[in-house]
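> The structure that follows is given in the form of structure tokens.
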Amino acid sequence: MIPSVLPTYARAPLSFVKGEGPWLTEADGRRFLDLGAGIAVNVLGHSNPDLTAALTDQANKVWHVSNLYSIPQQQDLADKLVAATFADTVFFTNSGTEACELAVKMARKYWYEKGQPEKVEIITFSGSFHGRSSAAIAASGSEKMVKGFGPVLPGFKHVEWGDHDGLHAAINDNTAAILIEPIQGEGGIRPLADQELKDLRALCDDNGVLLILDEVQCGMGRTGRLFAHEWAGVTPDIMMVAKGIGGGFPLGAVLATEDAASGMVVGTHGSTYGGNPLACAVGGKVMEIVSDPAFLADVRKRSGLLRQKLEGLVASHPDVFEGVRGSGMMLGLKCKVAPADLVKAGYDNLVILVPAADNVVRLLPPLNLTEDEIAEAVARIDAAASVVGADV
């Protein structure tokens, strides 16, 4: 018999009943150090008191009114995002997948309104992940994502990651935009070098193409800056955000310049729940904390320590690891063993890791992980690696 919860996940046999900071308590009382943070979501840890207070305060006022009306909490968060980024305008969603849908619509509508309706193609890259909707899986294009879900939405052109000649060749008169993650998450923590992102921005400008950045996983302070593209000193035309922006409450957004968003007028898009008072009250508090320069400086300092300790870990387990890659608190351990084996050994040693493609295990901890917690985390991964290494 099919279970009451649709079995689309191979779930670990763990049921967490309480969380505090980077710690999760299982129903049997075991305490796990969470280095996954709900897949880069809980940027301030579990049950953060500031976020709890923001949510509780708003829950005692109004939960939902719909976007038929002005929502003060939504306006406040939009103003904060516009003030802190390249963007002139923001549309709020409930997830990164929904943000992808709007980003695609926005890019195509832009060219339609410019009198160039043939410009519908969006260039994407191998190893990418932009969500699970029809447009998002078409953007990824991998067999794993699209098999059995045809006909696949047309209008996407796929280029191999790092294939610069292929990228240049893919651009034509029908190209509307290039969509890319500054750091691939699901694809195995593959960062785009700063110069590559600069070159990509220049390529878009030279060819009259919009640049869409997917910062759903790498944004909101995860790399030590508010958004990962800031390291390269460039800006996109459209950007997808989710995960960390809600600190654990479902929230996403599309940020855009006034020009890129010019086609999205009344009636062209909507969301019943997107930008609701509860989500935006929490998001506003997340933004207030995470965008603080002192907070981001601490993230950079602590992530440097974490990277240093992980490099030492890799050196001490040459049979298990190949290296460390990534940026800030978005790091990957490239494995010589099956990532699933290391994740399983991590569970046995009370530490939570997240698998990814390209034989990588991801570390996406809360951004406020302390130095003592970093030391404990690496010690637990070390214990897990010793178990896996003994079987090699």
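This table checks each residue for (1) basic (K, R); (2) more than 18 Å from the chain's Cα centre (by Cα); (3) at pLDDT below 95; (4) in the same structural domain as A261 (by TED's automatic domain parsing).
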{"residue": "M106", "(1), (2), (3), (4)": "no, yes, no, yes"}
{"residue": "K119", "(1), (2), (3), (4)": "yes, yes, no, yes"}
{"residue": "S142", "(1), (2), (3), (4)": "no, yes, yes, yes"}
{"residue": "P182", "(1), (2), (3), (4)": "no, no, no, yes"}
{"residue": "I189", "(1), (2), (3), (4)": "no, no, no, yes"}
{"residue": "C204", "(1), (2), (3), (4)": "no, yes, no, yes"}
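> Against the conditions (1) in a helix (DSSP H, G or I); (2) surrounded by fewer than 14 Cβ atoms within 10 Å (Cβ to Cβ); (3) basic (K, R), where does K61 fall short? Just the number, please.
(1)
> State all residues of segment 100-156 that are aromatic (F, W, Y), under 16 Å from V216 (Cβ atoms) and in a loop (DSSP other than H, G, I, E, B); if no residue qualifies, say none. Break it down stepwise before answering.
From segment 100-156, those aromatic (F, W, Y) are 110-112, 125, 129, 149, 156; that's our starting set.
Right, trim to under 16 Å from V216 (Cβ atoms) and you get 125, 129.
Residue satisfying the conditions is F129 alone.
> Here are some conditions: (1) farther than 21 Å from N359 by Cα; (2) modelled with pLDDT under 95. G162 meets all but one. Which one does it not meet?
For G162, the exception is condition (1).
> Specify which of the listed residues (L33, L102) is in contact with a helix residue (DSSP H, G or I) (Cβ under 6 Å, 6 or more places away or on another chain) and surrounded by 11 or more Cβ atoms within 10 Å (Cβ to Cβ). Before the answer, list the steps.
On the way: L102 fails: in contact with a helix residue (DSSP H, G or I) (Cβ under 6 Å, 6 or more places away or on another chain).
Selected residue: L33, the only one of L33, L102 that is in contact with a helix residue (DSSP H, G or I) (Cβ under 6 Å, 6 or more places away or on another chain) and surrounded by 11 or more Cβ atoms within 10 Å (Cβ to Cβ).
> Moving on. Of all residues in segment 313-333, which are closer than 24 Å to T223 by Cα and in contact (Cβ under 8 Å) with a residue 60 or more places away in the chain?
L313, F321, R325, G326, S327, G328, M329, M330, L331, G332
So that you can scan it fast, the table gives a plain yes or no per residue for (1) among the polar types (S, T, N, Q); (2) closer than 30 Å to E371 by Cβ:
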position	(1), (2)
I2	no, no
R31	no, yes
L44	no, yes
Q58	yes, no
H64	no, no
I71	no, no
L81	no, no
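> Ok, one more. Identify all residues within segment 213-261 that are part of a loop (DSSP other than H, G, I, E, B), aliphatic (A, V, I, L, M) and either under 22 Å from S327 (Cα atoms) or not assigned by TED's automatic domain parsing to the domain that holds K105 (or both); write none if there are none. Working first, answer last.
Let us first name the residues in segment 213-261 that are part of a loop (DSSP other than H, G, I, E, B), namely 215-227, 233-237, 242, 247-251, 257-261.
Still in the list and also aliphatic (A, V, I, L, M): 216, 220, 226, 234, 242, 251, 260-261.
V216, M220, L226, V234, A242, listed by residue number.
> A further question on this structure: Looking only at strands (runs of 3 or more DSSP E) that fall completely inside segment 264-358, which ones have 3 or more residues that are of a type in the set (G, A, S)? Talk me through it step by step, then tell me what you get.
Numbers: elements: 321-327, 330-335, 354-356.
Filter on segment 264-358 gives 321-327.
> Check segment 197-211 and report whether any residue there is in contact with a Cys (Cβ under 8 Å, 6 or more places away or on another chain) and more than 27 Å from K144 (Cα to Cα).
Within segment 197-211 (the criterion being in contact with a Cys (Cβ under 8 Å, 6 or more places away or on another chain) and more than 27 Å from K144 (Cα to Cα)), the answer is yes, since at least one residue qualifies.
> Give the number of residues within segment 64-91 that are without any contact (Cβ under 8 Å) to a residue 60 or more places away in the chain, aliphatic (A, V, I, L, M) and either part of a loop (DSSP other than H, G, I, E, B) or outside the structural domain of V282 (by TED's automatic domain parsing) (or both).
1
The values are calculated or read from the model by the stated rules, or taken from the named source; none is laboratory data. Every value quoted in this text rests on a predicted model; they were computed, and no experiment measured them. Reconstructed Cβ throughout: ideal geometry from the backbone, glycine too, with neighbour counts over all protein chains shown.
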